[in-house]
1. Looking at B:Ala125, B:Ala132, which one is more than 10 Å from chain A (Cβ to nearest Cβ) and in contact (Cβ under 8 Å) with a residue 60 or more places away in the chain?
2. From (1) assigned to a helix (DSSP H, G or I); (2) within 11 Å of another protein chain (Cβ to nearest Cβ), pick out the condition that doesn't hold for B:Gln196.
3. Restricting to segment A:103-134, what's the tally of residues that are free of Cβ contacts under 8 Å to residues at least 60 places away in the same chain and not in a loop (DSSP other than H, G, I, E, B)?
4. I'd like the full set of residues that are under 14 Å from A:Asp34 (Cβ atoms) and among the hydrophobic types (A, V, I, L, M, F, W, C), limited to segment A:211-231.
5. Only residues that are outside any helix (DSSP H, G or I) and more than 8 Å from chain B (Cβ to nearest Cβ): list them for segment A:345-404, please.
6. So which strands (runs of 3 or more DSSP E) are wholly in segment B:213-302 and hold at least 1 residues that are of a type outside the set (A, V, I, L, M) and under 18 Å from the mean Cα position of the chain (by Cα)?
7. Working only within segment B:135-155, note down all residues that are in contact (Cβ under 8 Å) with a residue 24 or more places away in the chain and not in a loop (DSSP other than H, G, I, E, B).
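The values are calculated or read from the model by the stated rules, or taken from the named source; none is laboratory data. Treat the numbers as computed from the prediction; the structure is a model and nothing was measured. Here the Cβ positions follow ideal geometry from the backbone for every residue, glycine too, while neighbour counts run over all protein chains shown.
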Amino acid sequence: MTGFARWGAYGIAAVVAVPVVVIVAAWLLPVPADLWPHLAETVLPRVLANTVLLLAGVLTGTFLLGVSLAWLTAMTDLPGRRFLSWALLAPMAMPAYVLGFVYCGLLEFAGPAQTGLRAVLGEGFRAFPEIRSAGGVIFVMTLALYPYVYMISRAAFVTQGVKAMEAGRSLGCSPRAAFFRVALPMARPWILGALTLVAMEALADFGTVSMFVYETFTTAIYKAWYGFFSPAGAAQLASLLVIFVFALLWAKHALERRKRFVSLGRPAQRAARLRLGRTKAPAAAFAWGVFALAFVVPVAQLLVWAARTLSSADERLFALVVHSLVLGAVTAAVACAAALVLTMAQRGGGKPVRLAAQVASLGYALPGSVLAVGVFLPLVWVDHRLAGFAERMLGRDVGLLLTGSLFAMVLGLAARFLAVSLTSIGSGAARIPPSLDEAAATFGVRGWQAVKRVHLPLLSPAIVAGAMLVFVDVVKEMPLTLMTRPFGWDTLSVRIFELTSEGEWQKAALPATVLLLTGLIPIAWLSREERVGAGR
Amino acid sequence: MQLSALVLSAVVVYSARGEDLIKPVFETFTKETGIKVQYITDTEAALVQRLKGEAARTKADLLITVDAGNLWQAAQEGVLQPIESATLSDNIPAHLRDPGKQWYGLSVRARTVAYATKRVKPEEAASYEGLAEPKWKGRLCLRTSKKVYNQSLVAMLVAQHGEEKAQKIVDGWVANLATEVFPNDTDLLKAIDAGQCDVGLVNTYYFGRLKREKPDLAVALAWPSNGVHVNVSGAGVTKYAPNKAEAVKLLEWMSGPAAQKIFADVNLEFPANPKVEPDAAVKAWGPFKQDVINVSKAGELQSVAIKVMDRAKYR
């Protein structure tokens with residue numbers, strides 16, 4: 001690959017690495033002497049066990065839901081598959097913290113479900129499981145995060161599943177065996193990529209676990225910062241998270257090593273779908289059930305609440321939507337461009353380039369507020385130097401130019417969500433056989449020409465999907481947006497923060513509903529593209 | 001001279017207090033004085049980091065935050081400056097402001113016992129320490145220990161009784177829990193109303209708001225007789241405020257009757273200015289003896305309090 005892309009990749013990794021380096025550098029700062037002994041004795045054993053349980057539960061849940069739903073909609077004659085194939089993506093637009101709030105409200109003791117049951121079964125009824133528990137938080141996070149696995153593994157099944165199944169069947173496998181022994185192993189790198197995203201998201205989450213009062217490593221980080229007033233201690237804890245995620249990325253790489261996963265040519269267009277037969281009804285109930293739980297129920301609840309506060313809708317809401325849209329679109333473009341450079345550099349690049357790509361993914365695993373400070377501090381440092389320089393040149397102080405600018409906000413958000421676009425575009429590129437690069441080279445098509453004429457056309461679905469994922473993530477994002485936004489640049493998620501900072505979630509139903517609709521725009525668009533593209 | 005000062009000619013506020021609670025105050029201020037107010041909201045911790053980073057080039061003039069611990073921390077981090085003002089010392093009682101004059105309390109919030117009117121008599125519930133007694137086993141609801149309001153309350157218990165006794169009290173609370181702890185006070189009040197538990201600890205304005213929404217709420221407030229834990233929300237002028245004069249003016253104005261009335265009415269808090277009456281609904285809860293957290297030790301005590309709660313496995 002061209003040297004330009006390689007140096008570009010190093011440049012991008014360097015920029016994204018700065019906040020991470022700042023956080024790791026906190027080990028040089030003093031913390032209260034009794035902070036670590038106290039945490040190690042009372043807090044860490046508990047939160048580590050909780051975090052492992054959460055990760056195991058959410059990874060298992062999203063894997064089972066995501067892969068099975070992808071398989072059902074992509075490969076079988078599931079009733080309603082056309083609608084479901086994109087409708088099952090819709091929960092992606094639902095922030096996990098909103099889903100958590102809705103389910104806590106519905107299922108807690110004082111909520112309508114249990115109140116109704118007590119009315120029927122008698123006031124003494126206490127058998128309902130506690131929603132604010134490990135089970136509750138795993139349930140909600142699985143529903144919020146399975147779309148990552150669903151979307152990415154569905155793309156894998158669509159592009160190679162039919163051929164894989166045909167090959168498996170021709171070797172005498174039953175459909176079941178062909179799935180488990182051929183199609184699933186072949187989709188493994190993509191599924192692993194999606195699960196890595198899920199793991200990072202679950203590790204970084206603060207909003208949802210707080211709703212369930214479930215203590216994780218991330219809540220311990222916030223305890224050090226907000227409770228013990230030690231940002232340095234929080235950063236030290238966060239750096240342990242960084243190391244863990246780095247190990248996770250290496251493990252994923254090791255699993256894929258020495259294996260090459262490329263497409264088996266063009267997807268078969270009108271291949272016969274697998275007949276579900278007697279399992280049709282339960283399969284349909286399962287798929288529609290997931291859609292109902294992850295989308296219909298929470299949306300219905302949000303609409304009921306939003307209807308009560310409809311009078312508060314004003315022209316400001318429109319400005320919030322515009323800000324969210326612009327921010328999402330610009331960040332998506334930046335994050336995808338950066339991911340494209342990293343991906344191209346990795347084609348034929350060696351270890352250093354791959355390391356650069358892994359470093360560039362780390363921002364995603366850090367709790368938002370911690371990364372926000374990591375982004376903010378170097379930025380404001382550069383800003384002071386710039387202002388000092390301008391003062392010497394112009395003879396007056398022009399103030400800080402980068403801090404509180406749109407540029408800084410997009411930079412921070414792109415750094416956070418680069419892992420997302422990278423996973424999507426990287427997995428798309430993995431399906432392009434290297435032989436194609438070689439073939440192009442024999443025709444004299446190299447470097448940027450090859451990217452433009454060979455890779456980009458083949459990658460466009462992956463780029464669009466990556467852009468959509470980043471867009472939706474940016475629209476949902478809270479802490480970084482809060483800390484880096486310019487004056488007057490409030491977004492929908494900022495509004496939700498303001499309305500809920502005193503714990504009154506129902507008041508935020510209107511902006512939450514609008515946020516959901518905003519996030520649905522690219523999902524609906526993508527689904528149309530896909531249907532048109534697939535020609536069916 | 002800063003460019004921003006030439007362009008804006010407005011007070012810039014960093015606020016950890018929600019927009020709905022500050023906007024009406026700022027709007028009235030602008031109407032009365034012609035001085036515009038620009039603001040950004042975020043969490044206290046992020047705002048303090050932001051002020052530290054921006055240092056001498058910050059655009060912020062005023063920091064508004066809740067809880068004495070957070071105000072103590074802001075002063076400790078050196079992002080505020082002392083303000084001498086006869087108006088402020090006149091309007092805000094000494095126990096509700098920083099001895100170093102770096103910040104001034106603007107509203108008072110009490111954290112007290114809420115009880116189920118059908119199952120509990122107010123006199124049996126009127127004590128923080130009493131809630132640790134075995135008779136409340138399976139009857140107590142608490143909000144998470146992560147919330148600064150609970151940290152300050154336990155800090156007060158530590159200041160009153162010492163760490164050892166405070167530990168016993170918190171251990172007792174945890175042993176008495178009826179269910180998992182709650183993420184906010186409103187859900188806790190609803191749980192008492194629904195019969196999941198009989199007593200709990202809440203900030204009074206959450207009770208006021210819920211009561212306003214749901215007048216038949218079967219919950220009432222009890223006041224511990226040896227003193228009710230009160231905390232403050234407040235504000236301070238930033239160390240490098242570009243528009244210091246206007247910022248002081250806004251701070252002074254917020255301590256005056258018009259703003260104090262808005263603070264009190266919008267959020268059903270107690271005005272910090274003793275000359276201003278609380279809302280009628282708030283007054284109806286009856287009088288109580290205030291026990292204000294020791295502001296000069298708030299931060300240190302907060303750390304001790306969190307450790308006590310961690311040891312009690314209070315989530």
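1. B:Ala125
2. (1)
3. 11
4. If the condition is that a residue be under 14 Å from A:Asp34 (Cβ atoms) and among the hydrophobic types (A, V, I, L, M, F, W, C), then A:Ala224, A:Phe228, A:Phe229 are the ones that fit.
5. Residues satisfying the conditions are A:Arg347, A:Gly348, A:Gly349, A:Gly350, A:Leu366, A:Pro367, A:Gly395, A:Leu401, A:Leu402.
6. B:228-237, B:290-292
7. Across segment B:135-155, the qualifying residues are B:Trp136, B:Leu140, B:Cys141, B:Arg143, B:Val148, B:Tyr149, B:Asn150, B:Gln151, B:Ser152, B:Leu153, B:Val154, B:Ala155.
Listed here are the residues, each with its yes/no results for (1) modelled with pLDDT under 90; (2) at positive phi; (3) charged (D, E, K, R).
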| site | (1), (2), (3) |
| --- | --- |
| A:Thr51 | no, no, no |
| A:Leu69 | no, no, no |
| A:Asp77 | no, no, yes |
| A:Gly80 | no, yes, no |
| A:Ala96 | no, no, no |
| A:Ala113 | no, no, no |
